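Some notes on the structure that comes next.
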Amino acid sequence: MTIAASAPRVSRRSFGFDPSKPILLLFAAILCVLIILPISWLAYYAFTDAKGAFTVNNFQRLVADAAFLDPLLTTFMLATLSAFICCAVAAPMGWLVSRTDMPLRRTVRLLVTASFVTPPFLGAIAWELLAAPNSGLLNQLFRELTGAAPDEHLLNIYSFSGLVFVISCYTFPYVFVLIANALDRTPGDLEDASAMLGAGAWYTARRITVPLALPAVVAGALVAFLQAMTLFGSPAILAMPAGFHTMTTKIWSLFQFPPKPELAAAASLPLLLLTVLLLRGQSMVLGRRGYSVVGGKNSEPRLVRLGRYRWLAIALAMIVLACPVFLPYFALLNATFSKVASHLVSVSNFTLQNLHFVFFELSATDLVLRNTFILGVLAATIGTMIALVISYVTARRAVTGHAVLGFLATAPIAIPGIVLGVGLFFSYTRPPFVLYGTLWILLIAYVTLAMPAAYQQMQSAFRAVHPELEDASRILGASRLRALWQITAPLLRTNVVAVWCFIFVGVIRELSAAIMLFTSQTKVLSVLIYDLNESGDLAAISVLGLCMLIITSLIVLLANKLTKLGGRPATAGI
Amino acid sequence: MASVELRNLTKRYGSNAVVDDVSLTVEHGKLVCLLGPSGCGKTTTLRLIAGFVEPSEGEIRVGDRVVSTPANSLPPEKRNMSMIFQSYALWPHMTVAENIVYGLKLRKMDRETIAKKREAILATTKLAPLAQRYPGELSGGQQQRVALARALIVEPETLLLDEPLSNLDANLREEMRFEVRRLHDAYRYTTVYVTHDQSEAMTTADLICVMNAGKIEQAGSPEEIYDRPRSEFVARFIGSSNVIKGKGLDQSHISLADARIRCAGAPITAGAETAVSVRPHEIRLSSTPPQQADNVVPATVIRQVFLGNSRDYMVEVKGGTQLRVVTAADVAIPPGGAVWLQLPPERCRALVG
């Protein structure tokens, strides 16, 4: 049951100047610039022709032309299949980790959480190393073992099924964490109550455990669907060489020479609408059952004993983990220290040349690392500050109209990165704001994309600090600001640090918006990796990728340490 | 018919005995309360009976079946028991009606019987208008009644209740106490009830087991426990009591402020410091020396409070021992006044240990 924290409170008015209005207006203006401006330009471009007259021509071309319909269909199939595979793998894994006595279940959970830090495009490149038809390590192994001809291959990652596989690999952790956490939160009493009435383990699982986990599975399927639908990196790396497009790569290609921005705008709108619809659908599926746990104290769940199937369970879990974690990391490490990326490291083959090349010879490295670092720090700091203020205002109902602020802050959750990129491109390539070609436009993109997750985390943190704690300080004579500073701020310190870290990590990983907005002087790490993939320099990518993984892992680790999140998602929402 | 019997039941976590050599027999149709402060092992005892926890030593019998031994424990679903959880454990994805008939469906009853039983229990528990609601949409008291209905509809041999009223507000708690007893009388299953609230235990139980540190301190009827506490822990935990310490004179006398006080209860060892319990309202207080001089001690009023239908005194006898005394409201003696206390011999219970 929820605590009375959400009960309406009488808004307080201090004597004289009332600061609530200007604060509201200021932050509403910031959010409007961040969100409404790009979306409006997007809509404007989609509905006008080159001369600026109203037209629906762009949409007609979109529907009539097979070059647009095919990507739409591909994207739909891709998202559906990925969502299905993710749930089919994540649900049993989540159950094994949360509710059974499977050996090493803590390690399994940790490893899945660790696979979060792998950006999907890096995973896709690692799988290129593993399963490209000719040079892929797994295909070489296959030929070695079976003696097949040099032109035969077992796996081809440059295919629709390859793309589905790789996207599922890096989406399934989201679903897994949702399901495992939902199972953790389901009180053991609910299952015990069923057992007391005479239900055996399987009946209880079928009638109680599974239905209770169902909302998490549905939510997970939706997250997976959205993720697969809006990803840019993996399809760009795997689908375009195979000669087909998804919506995101299509939108991107419309910006290549000769650019057709009005078509890109028109193609972005369906993606945006679909995202909004799916998010609405999610809240409808959950319905009035509410699924919030009823009642007071609960006991720890009893673990299901797997008996002799324990070892089978852990073996299966390890095989699943091999796909997003063990194999790709092995391939990246191998490429880092091998003279030829597609050859296994041996004594004669071992080299540090790749490291030397990336850090001392590649001219872009310096600039890119500097850009990424500056953007990461700025976006994390600004994003955390905005999230902090808005969540305070909404959690404490400090000004009238706080609900609008809350809505605006969560709205970007429905804007795919690439769509935002297109919108920002339109907004800031013209007066009065000419920001294209500067780091500012990337900063705006990052802050906007990070806002929903940052806001939600800060808000739940504020909810956990009961307003009476502040009230107690004020009744003893502290002013509102002093109460905030002395009571609330220390209690929220760890949350602030965590949010900062999550935004920073999100910036390092981001590719879909950056790919639309970068120029040669404002390249970031993810874009450089993408470029190097185009030029086939896989060894350099491996070095940069591992570099990136080490930085993000350290930051995630730090954030986890500070907030003691334990098994909870380290990068939720990013 | 099913009595419940615990024989030398022990549960250890590591070297810590949470339940320590507990033996208890609950006859069929009786309602027994396990009463004690939090951490005394009462909930673990209940979960042992339910089969959620396996004993380290000892055994549990239901009727003539052995259901729990350290080596072999019948799973909860095979015990034909019902349980009401402290959290109620209502399934949030099922309506009230679905929650209630869950156990019947498991027993593969036909649709008509299920419907008939459902309507009957909905009527008894006054839940009929709420049948299609989800648990999240009910108040605490309504949720509690759903939990009761769900447990009772299967007509269990044994009903287990784990602090079922602790999440309700005071008024509702009082009402539900009598409801639990009424339903017990109507159905007559063997009931084990865990609570830390002594008045809840008093109003519902046939037999109260006061537990402390994993052991049963005293088992008996509510009257027995209240009137004849055997240990200081029981005397203090059940109702309020003065526990006075004095030197033993012989088998049935102690010395308090130079007066010989005759006591009942455990035999007293001469020369040993002995604790005696006497309840505040059983002491007679007067402003003049009573004619009958047995068990009388002079004292001084320290403070007194008017409580409407009674007056609450704190008095001090020679030697500094303080006692609480409850008198009729019209006995008004100001602080500092001299009084005489008469302690009825049969109400002074010498305590063990």
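The values are calculated or read from the model by the stated rules, or taken from the named source; none is laboratory data. Quantities reported herein were computed from a predicted structural model and do not represent experimental measurements. Cβ placement follows ideal geometry from the backbone for every residue including glycine, while neighbour counts extend to all protein chains displayed.
Name the single residue, out of those in segment B:13-55 being small (Gly, Ala, Ser) and more than 14 Å from chain A (Cβ to nearest Cβ), that is nearest to the chain's Cα centre (by Cα).
Initial filter on segment B:13-55 (small (Gly, Ala, Ser)): B:14-15, B:17, B:23, B:29, B:36, B:38-39, B:41, B:50-51.
Still in the running and more than 14 Å from chain A (Cβ to nearest Cβ): B:14-15, B:17, B:23, B:29, B:36, B:41.
Details: B:14: 28, B:15: 28, B:17: 22, B:23: 17, B:29: 18, B:36: 7, B:41: 13 Å.
My answer is B:36.
Look through B:140, B:103 and report the one residue that is assigned by TED's automatic domain parsing to the domain that holds residue B:28, in contact (Cβ under 8 Å) with a residue 40 or more places away in the chain and under 23 Å from residue B:161 (Cβ atoms).
B:103
Can you work out which of the residues in segment B:63-94 that are more than 7 Å from chain A (Cβ to nearest Cβ) and charged (D, E, K, R) is surrounded by the most Cβ atoms within 10 Å (Cβ to Cβ)?
B:79
I'd like the residue in segment B:107-132 that is touching a residue at least 12 places away in the same chain (Cβ under 8 Å) and within 13 Å of chain A (Cβ to nearest Cβ) and, out of all such residues, is nearest to residue B:186 (Cα to Cα).
Restricting to residues being touching a residue at least 12 places away in the same chain (Cβ under 8 Å) and within 13 Å of chain A (Cβ to nearest Cβ), the top hit is B:107.
Read through the list (1) touching a residue at least 40 places away in the same chain (Cβ under 8 Å); (2) in a loop (DSSP other than H, G, I, E, B), then give the number of the only condition that residue A:127 fails.
(2)
So, restricting to helices (runs of 4 or more DSSP H) that lie completely within segment A:480-574, which ones have at least 1 residues that are of a type in the set (Asp, Glu), at pLDDT 85 or above and closer than 25 Å to residue A:231 by Cβ?
Filter on segment A:480-574 gives A:525-534.
Do we have any residue at all in segment A:193-215 that's over 23 Å from residue B:50 (Cβ atoms) and among the β-branched types (Val, Ile, Thr)? Walk me through how you get there before you give the answer.
Here is the first cut: in segment A:193-215, the residues over 23 Å from residue B:50 (Cβ atoms) are A:210-211, A:213-215.
In the following step, the residues that additionally are among the β-branched types (Val, Ile, Thr) were identified as A:210.
Taking every residue of segment A:193-215 in turn, at least one turns out to be over 23 Å from residue B:50 (Cβ atoms) and among the β-branched types (Val, Ile, Thr).
Would you check if residue A:208 is touching an Asp or Glu at 6+ places or on another chain (Cβ under 8 Å), part of a helix (DSSP H, G or I) and under 30 Å from residue A:95 (Cβ atoms)? Before the answer, list the steps.
Values: touching an Asp or Glu at 6+ places or on another chain (Cβ under 8 Å): yes; part of a helix (DSSP H, G or I): yes; under 30 Å from residue A:95 (Cβ atoms): yes.
Against the criterion (touching an Asp or Glu at 6+ places or on another chain (Cβ under 8 Å), part of a helix (DSSP H, G or I) and under 30 Å from residue A:95 (Cβ atoms)), residue A:208 qualifies.
Within segment B:152-172, count every residue that is over 19 Å from the mean Cα position of the chain (by Cα) and at the interface with chain A (Cβ under 8 Å from one of its Cβ atoms).
1
Inside segment A:170-201, can you point out the residues that are away from chain B (no Cβ under 11 Å) and more than 21 Å from residue B:92 (Cβ to Cβ)?
Matches in segment A:170-201: A:170, A:171, A:172, A:173, A:174, A:175, A:176, A:177.
Residue A:278 fails exactly one of the following numbered conditions: (1) buried (at least 16 other Cβ atoms within 10 Å of the Cβ); (2) at pLDDT 85 or above. What is the number of that condition?
(2)
So which of B:270, B:205, B:235, B:201 ends up being touching a strand residue (DSSP E or B) at 6+ places or on another chain (Cβ under 6 Å) and surrounded by fewer than 20 Cβ atoms within 10 Å (Cβ to Cβ)?
It is B:270.
What are the pairs with Cβ atoms under 6 angstrom where one residue, in segment A:450-462, is under 9 Å from residue A:410 (Cβ atoms) and the other, located anywhere, is surrounded by fewer than 21 Cβ atoms within 10 Å (Cβ to Cβ) and not aromatic (Phe, Trp, Tyr)? Sequence gap at least six, or different chains.
The qualifying pairs are A:452/A:410; A:452/A:413.
Is there a residue being under 30 Å from residue B:152 (Cβ atoms), in the same structural domain as residue A:124 (by TED's automatic domain parsing) and among the small types (Gly, Ala, Ser) anywhere in segment A:205-227?
Yes; the residues of segment A:205-227 include at least one that is under 30 Å from residue B:152 (Cβ atoms), in the same structural domain as residue A:124 (by TED's automatic domain parsing) and among the small types (Gly, Ala, Ser).
Yes or no: residue B:185 of a type outside the set (A, V, I, L, M), under 23 Å from residue B:121 (Cα atoms) and either away from chain A (no Cβ under 14 Å) or buried (at least 19 other Cβ atoms within 10 Å of the Cβ) (or both)?
Judged against the criteria, residue B:185 is a match.
Consider residue A:341 carefully, then state whether it is surrounded by fewer than 22 Cβ atoms within 10 Å (Cβ to Cβ) and either more than 30 Å from residue A:484 (Cα to Cα) or touching an Asp or Glu at 6+ places or on another chain (Cβ under 6 Å) (or both).
No; evaluated as a whole, the condition is false for this residue.
Quick one: in segment B:327-346, of everything that is under 16 Å from residue B:242 (Cα atoms) and either in the same structural domain as residue B:227 (by TED's automatic domain parsing) or buried (at least 19 other Cβ atoms within 10 Å of the Cβ) (or both), which residue is farthest from the chain's Cα centre (by Cα)?
That would be B:341.
Among the residues of segment A:104-121, are any in contact with a Leu (Cβ under 6 Å, 6 or more places away or on another chain), surrounded by fewer than 24 Cβ atoms within 10 Å (Cβ to Cβ) and closer than 30 Å to residue A:304 by Cα?
Looking through segment A:104-121, at least one residue is in contact with a Leu (Cβ under 6 Å, 6 or more places away or on another chain), surrounded by fewer than 24 Cβ atoms within 10 Å (Cβ to Cβ) and closer than 30 Å to residue A:304 by Cα.
Looking only at segment B:78-94, count every residue that is over 23 Å from residue B:67 (Cα atoms) and within 33 Å of the chain's Cα centre (by Cα) and tell me the total.
Residues meeting the conditions: 7.
Go through segment A:251-261 and give me each residue that's in a helix (DSSP H, G or I) and either aromatic (Phe, Trp, Tyr) or crowded, with 21+ Cβ neighbours inside 10 Å (or both).
Matches in segment A:251-261: A:251, A:252.
Would you confirm whether any residue within segment A:487-509 is outside the structural domain of residue A:129 (by TED's automatic domain parsing), among the polar types (S, T, N, Q) and either over 23 Å from residue A:113 (Cβ atoms) or surrounded by fewer than 16 Cβ atoms within 10 Å (Cβ to Cβ) (or both)?
Looking for residues that are outside the structural domain of residue A:129 (by TED's automatic domain parsing), among the polar types (S, T, N, Q) and either over 23 Å from residue A:113 (Cβ atoms) or surrounded by fewer than 16 Cβ atoms within 10 Å (Cβ to Cβ) (or both), one finds at least one in segment A:487-509, hence yes.
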